[in-house]
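The values are calculated or read from the model by the stated rules, or taken from the named source; none is laboratory data. All values reported here derive from a predicted model rather than from experimental measurement. FYI the Cβ positions are ideal-geometry reconstructions off the backbone, even for glycines, and counts take in every protein chain you see. Protein only, heavy atoms only, side chains kept; ligands, DNA and RNA dropped before computing areas. Shrake-Rupley method; radii C 1.70, N 1.55, O 1.52, S 1.80 Å.
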Amino acid sequence: MRERSGPPTSPGAAHPRQAAPRSAADIPAGWDSSGSALPDRLLAVRAAEGDDDAFAALVRRHSGRLTALAYRLLGNRADAEDAVQDAFLSAWRQLPEFRHGATFGTWMYRIVTNRCLNTLRRRPPALPLDTIPEPVAADAGSAPPRVAETDATTAALTQALRELSPELRACWILRELHGLHYDEIAHVTASSEQTVRGRLFRARRALTEAMRPWR
């Protein structure tokens, strides 16, 4: 078996892989090479057998929400894009071992989240919220007060999220901003549902307290 270091550059090239969890015969004949009409499961099967077009379709389908997740966790666009790129490269290499115990999307959430958490743990602690200066009152010719207030509230929430531990932040973002269920978050974060519920409780309590002056 030949191990690849990255997605193939030659479209349609054949690559010896380990046996996929399902046969590619499940994929309808004459399917659109863009993969736009196929479910993730079938695209993942085809990609695991060496079809780079199928994998490219998965990348197009999921890269937007994964980049949004990484950006919300890391707060930096370049770092987010790097995390997602690394995650897709890792997924490409691991596809023969992907056994569909979770959906492809949830599997990618897990890979991206792990990379972001590792990055966050290497960063220095965030500044406490009370060290951030209060917003300056808007001048008559500047943005309307309501817009300025909204911007200040958003900045305060962003800072409050940065003060959470990486694990609490990840659970809150996955639940509140990406709508994952508790069992999905447990899979993504490699923890139990009980742990997820506890982290969400602590995250919500901390954010409520941090945002009290802005209510």
Exercise for the section: Pairs only if they're at least six apart or on different chains, beta carbon under 7 angstrom, first in segment 46-64 and basic (Lys, Arg) and modelled with pLDDT under 95, second buried (at least 22 other Cβ atoms within 10 Å of the Cβ) and part of a helix (DSSP H, G or I); list them, first residue then second. Expected result: ARG46/ALA54
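Given the structure, is GLU149 modelled with pLDDT under 75 and not polar (S, T, N, Q)? Steps first, answer last, please.
Working: modelled with pLDDT under 75: yes; not polar (S, T, N, Q): yes.
Spelling it out, GLU149 is indeed modelled with pLDDT under 75 and not polar (S, T, N, Q).
Please tell me if ARG46 is touching a helix residue (DSSP H, G or I) at 6+ places or on another chain (Cβ under 7 Å), assigned to a helix (DSSP H, G or I) and buried (at least 21 other Cβ atoms within 10 Å of the Cβ).
Working: touching a helix residue (DSSP H, G or I) at 6+ places or on another chain (Cβ under 7 Å): yes; assigned to a helix (DSSP H, G or I): yes; buried (at least 21 other Cβ atoms within 10 Å of the Cβ): yes.
Criteria met by ARG46.
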Fill in the blank from the handout: Within segment 89-100, residues being surrounded by 15 or more Cβ atoms within 10 Å (Cβ to Cβ) and not in a helix (DSSP H, G or I) number 1
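Given the criteria closer than 20 Å to LEU74 by Cα, free of Cβ contacts under 8 Å to residues at least 12 places away in the same chain and open to solvent by less than 90 Å² (accessible area, probe 1.4 Å), does GLY179 qualify?
Details: closer than 20 Å to LEU74 by Cα: yes; free of Cβ contacts under 8 Å to residues at least 12 places away in the same chain: yes; open to solvent by less than 90 Å² (accessible area, probe 1.4 Å): yes.
Judged against the criteria, GLY179 is a match.
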Practice task
Can you work out which of the residues in segment 183-198 that are in a helix (DSSP H, G or I) and open to solvent by less than 50 Å² (accessible area, probe 1.4 Å) is nearest to LEU66 (Cα to Cα)?
Solution key: VAL188
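Restricting to segment 172-191, and then to whatever is hydrophobic (A, V, I, L, M, F, W, C) and on the phi < 0 side of the Ramachandran plot, can you tell me which residue is farthest from the chain's Cα centre (by Cα)?
Step one: list which residues in segment 172-191 are hydrophobic (A, V, I, L, M, F, W, C), which gives 172-174, 177, 180, 185-186, 188, 190.
From what is left, the residues that are on the phi < 0 side of the Ramachandran plot are 172-174, 177, 180, 185-186, 188.
Values: TRP172: 13, ILE173: 9, LEU174: 8, LEU177: 11, LEU180: 11, ILE185: 11, ALA186: 14, VAL188: 10 Å.
Looking at residues that are hydrophobic (A, V, I, L, M, F, W, C) and on the phi < 0 side of the Ramachandran plot, I get ALA186.
How about segment 72-88: which of its residues are open to solvent by less than 30 Å² (accessible area, probe 1.4 Å) and not small (Gly, Ala, Ser)? Show your work before the answer.
First, the residues of segment 72-88 that are open to solvent by less than 30 Å² (accessible area, probe 1.4 Å): 73-74, 80, 83-84, 87-88.
Selection gives LEU73, LEU74, VAL84, PHE88.
Residues of segment 102-122 being open to solvent by less than 80 Å² (accessible area, probe 1.4 Å) and not in a helix (DSSP H, G or I), which ones?
Residues of segment 102-122 that are open to solvent by less than 80 Å² (accessible area, probe 1.4 Å), as a first pass: 102, 104-120.
Within segment 102-122, just ALA102 meets the criteria.
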Problem - Filter result for GLU134 (open to solvent by 80 Å² or more (accessible area, probe 1.4 Å) and at pLDDT 85 or above) - result: no
